[in-house]
Amino acid sequence: MKINYSEPSKDLLMRIDIHEKYGSANIDQWTKDLLQPQAGMDILDVGCGAGKLCFLFHEHTQGGARIVGGDFSEELLDKAREKNKAIGANIDFQFLDFNEKFNFADNVFDLCTSAFAIYYASDLNFTFREAHRVVKPGGRLFVSGPLPENKQMFYDIIKEATNKPIPPMPGSSRFKGEIFDTIGKIFAKTELHRFENHLTFPKVAPFIDYVRASLSEDRKLWTSMFNGKEEYEALIEKITAVAQKRFERDGKLVMTKVVGGILATK
């Protein structure tokens, strides 16, 4: 059965906000240091969402880069376009389905990026070959996503609450293996970089907000854990009880995000 791995926009934005509010490290700084975007570059961000990475590159290059952000969510694209207009940027936000042929000519971009998105592609080989096609010779692809050891506390709490195995996640379950290997076969040079961010929750409530955003029924990944709203709420109650017990023991909840960055050169 083909699974739709897409995440509702409100859940995605909630998770981004929590990372920024409770995290100890800045993934934006890590990304800029690693990629060093420059004025004059042509940059494509695949699965751009509300434009977070596009605006990061725009700010870093002081508007000197030509940036295209593509996503299949019109809701998120509208948010990106609103901000684009508000700050007076000239980023081109357009519809892009990374399961279809990219609507760009060959050898156009110096840098193609995808943060926590492109690994949801139904056919990795097809999608990464499209990325390879639109990147210039010597250009780079950068894909970020969770490594297998990502947010271990989150999964440990759920396992303790349910006594059930965690279903495979589309990112962490295949990032270092299938995704890295696929990119490595297509691009001339491939490197794996690592980023850690310790999220310290001073109370249980924001952690449960994160849990709700991650377990959203619309993601269709957690159906082995619950079926329908009543079972979902019962599960949240069990998770809350385990989290509360850990919080009372330790005085805080610390969840470590472990992110991989695959940097490949054409």
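The values are calculated or read from the model by the stated rules, or taken from the named source; none is laboratory data. Keep in mind the model is a prediction, meaning the values are calculated, not measured. Here the Cβ positions follow ideal geometry from the backbone for every residue, glycine too, while neighbour counts run over all protein chains shown.
Being among the polar types (S, T, N, Q), in contact with a Lys or Arg (Cβ under 8 Å, 6 or more places away or on another chain) and closer than 29 Å to LEU215 by Cα is a property that THR127 lacks. You will find that of GLY88, GLY51, GLY70, GLY47, the residue that is of a type in the set (Gly, Ala, Ser) and farther than 28 Å from ARG174 by Cβ is GLY88 and no other.
Kindly check whether there is at least one residue in region 137-159 that is in contact (Cβ under 8 Å) with a residue 12 or more places away in the chain, touching a His at 6+ places or on another chain (Cβ under 8 Å) and closer than 30 Å to LYS252 by Cα. No, region 137-159 contains no residue that is in contact (Cβ under 8 Å) with a residue 12 or more places away in the chain, touching a His at 6+ places or on another chain (Cβ under 8 Å) and closer than 30 Å to LYS252 by Cα. Against the list (1) under 23 Å from the mean Cα position of the chain (by Cα); (2) in a helix (DSSP H, G or I); (3) of a type in the set (A, V, I, L, M, F, W, C); (4) farther than 30 Å from LEU34 by Cα, the condition ALA213 fails is (4).
Residue pairs whose Cβ atoms lie under 9 Å apart, sitting 6 or more positions apart in sequence or on different chains, and linking a residue in region 25-47 that is on the phi < 0 side of the Ramachandran plot and in a loop (DSSP other than H, G, I, E, B) to a partner that is among the polar types (S, T, N, Q) and at pLDDT below 95, are ALA25/ASN197; ASN26/ASN197. May I ask you to verify whether PHE102 is out of contact with any Pro (no Cβ under 8 Å at 6 or more places or on another chain), over 17 Å from ILE262 (Cβ atoms) and hydrophobic (A, V, I, L, M, F, W, C)? It is true that PHE102 is out of contact with any Pro (no Cβ under 8 Å at 6 or more places or on another chain), over 17 Å from ILE262 (Cβ atoms) and hydrophobic (A, V, I, L, M, F, W, C). For region 114-132, enumerate the residues that are closer than 15 Å to LEU263 by Cβ and either of a type in the set (A, V, I, L, M) or modelled with pLDDT of 95 or more (or both). Result: SER114, ALA115, ILE118, PHE128, ALA131, HIS132. Counting the residues of region 158-210 that are in a strand (DSSP E or B), among the polar types (S, T, N, Q) and surrounded by fewer than 19 Cβ atoms within 10 Å (Cβ to Cβ) gives 2.
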